[in-house]
Amino acid sequence: MTATQYGIGVDLGGTNLRIAAVSPTGEILEKIALDTEVKEGRERVIADMCGAIEELCGRMGSGRPAGIGIGVPGIINLGTGMIRQSPNLPGWSDFPVRADIENRLNTQVILENDANAAALGEKWVGAGKDVSGLCMLTLGTGIGGGIILDGHIWHGRDGMAGELGHMTIDPNGQLCGCGNLGCIEAYASATAIAHMAHAAINVGRSPALSRAAEEVGELTAEIVFIMAQQGDRVAREIFDLVGRSLGVAVANLINAFNLPLYVLGGGVARGWEAFRQPLLEEVQKRSVVYRATTPRIEPSALGAEAGLLGAAYLPFQHAAPGGAASASKA
Ligand SMILES: [Zn+2]
């Protein structure tokens, strides 16, 4: 029996740690999901991750993986293989993550920003499989971004390109976690949606949202979406602002890149129907390049698997002729 060829993808989130063995054509062959024990510290999380990778490789039989791609929620330095800044992984900054994991597993490890990995996954086997370039926003707790040009992640000089969640859409706007005012993250992330709903409750604007909050204990973006679908006026206003804010951001991206596809992923993208219309109206109004070229603007095709698949694709892409060179150089 010949050994199955596969790559290992890791989606290292602040809450969930997911690891998959993926075939060269993008099928998930085996998967392990764990909690990320962030509170137990970096050493514990890396040990859990490496243990799960070894277990997965054991399940795959005698062959060795093509390599390991790890998507991490933070700004990373590709040259050093270190995380520069990650609010979700306190204590990981300026630690040689890549070298440490390579030493433990004796296999090539490719570290990548999680949103970059998600964009690459969509390019590989998702919404962008028929285009050579795309831009993706991942709308989760925060907002990440990834830019794919000619099939490869655009890294910039150090690997920090694509921080699209910190694009300013209002110069005097809401304070963002990064220290800037008016980032798109402060308007269209799950955190921002929950924050807007709480603000409406606090001023007594929405008894319905208030009741929903009391019932479930914690008001989430998903509940606000359900309320919007049920016609609640305040919930609909919130998603209208989400859509308009995203429209401003996407119009800027279209004007900057002239790509064929813009993908919206992450948990908030499940609310696509509640913000699609205001988003498209803003883009139509604001982007001359959109009006001239009408690129596709779509929700993610891979959902929660985008980052995992993109991470697993990294070792295949690096192994391809010219892959590593064009992938790591800006
Ligand atoms: Zn910001």
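The values are calculated or read from the model by the stated rules, or taken from the named source; none is laboratory data. Please read these numbers as outputs of a predicted model, since none were measured by experiment. Using ideal geometry, Cβ is built from the backbone for each residue, glycine included, and neighbour counts are taken over all protein chains shown.
Things worth noting here:
- Taking the numbered list (1) closer than 30 Å to ALA312 by Cα; (2) in contact with a Phe, Trp or Tyr (Cβ under 9 Å, 6 or more places away or on another chain); (3) within 16 Å of the ligand (Cβ to nearest atom) in turn, ASN116 passes all entries but (3).
- Residue within region 131-151 that is part of a helix (DSSP H, G or I), over 17 Å from PRO87 (Cα atoms) and not assigned by TED's automatic domain parsing to the domain that holds GLY69 present: no
- Count - residues of region 42-78 that are surrounded by fewer than 17 Cβ atoms within 10 Å (Cβ to Cβ) and more than 27 Å from THR141 (Cα to Cα): 9
- Leading residue by the ranking (nearest to LEU259 (Cα to Cα)) among those in region 145-178 that are touching a Phe, Trp or Tyr at 6+ places or on another chain (Cβ under 9 Å) and within 14 Å of the ligand (Cβ to nearest atom): GLY162
- Qualifying residue in region 173-183 (condition: modelled with pLDDT under 95, within 26 Å of THR220 (Cβ to Cβ) and within 13 Å of the chain's Cα centre (by Cα)): no
- Strands (runs of 3 or more DSSP E) (entirely within region 1-76) containing at least 1 residues that are in contact with a Gly (Cβ under 6 Å, 6 or more places away or on another chain): 7-12, 16-22, 68-72
- Helices (runs of 4 or more DSSP H) enclosed by region 213-323 - at least 3 residues per element that are crowded, with 16+ Cβ neighbours inside 10 Å: 221-229, 233-257, 272-286, 306-319
Here's the yes/no breakdown for (1) in the same structural domain as LEU253 (by TED's automatic domain parsing); (2) touching a Leu at 6+ places or on another chain (Cβ under 8 Å); (3) within 16 Å of the ligand (Cβ to nearest atom):
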{"site": "ASN180", "(1), (2), (3)": "yes, no, yes"}
{"site": "ALA192", "(1), (2), (3)": "yes, no, yes"}
{"site": "HIS195", "(1), (2), (3)": "yes, no, yes"}
{"site": "VAL203", "(1), (2), (3)": "yes, no, no"}
{"site": "SER206", "(1), (2), (3)": "yes, no, no"}
{"site": "GLU215", "(1), (2), (3)": "yes, no, no"}
{"site": "THR220", "(1), (2), (3)": "yes, no, no"}
{"site": "ASP232", "(1), (2), (3)": "yes, yes, no"}
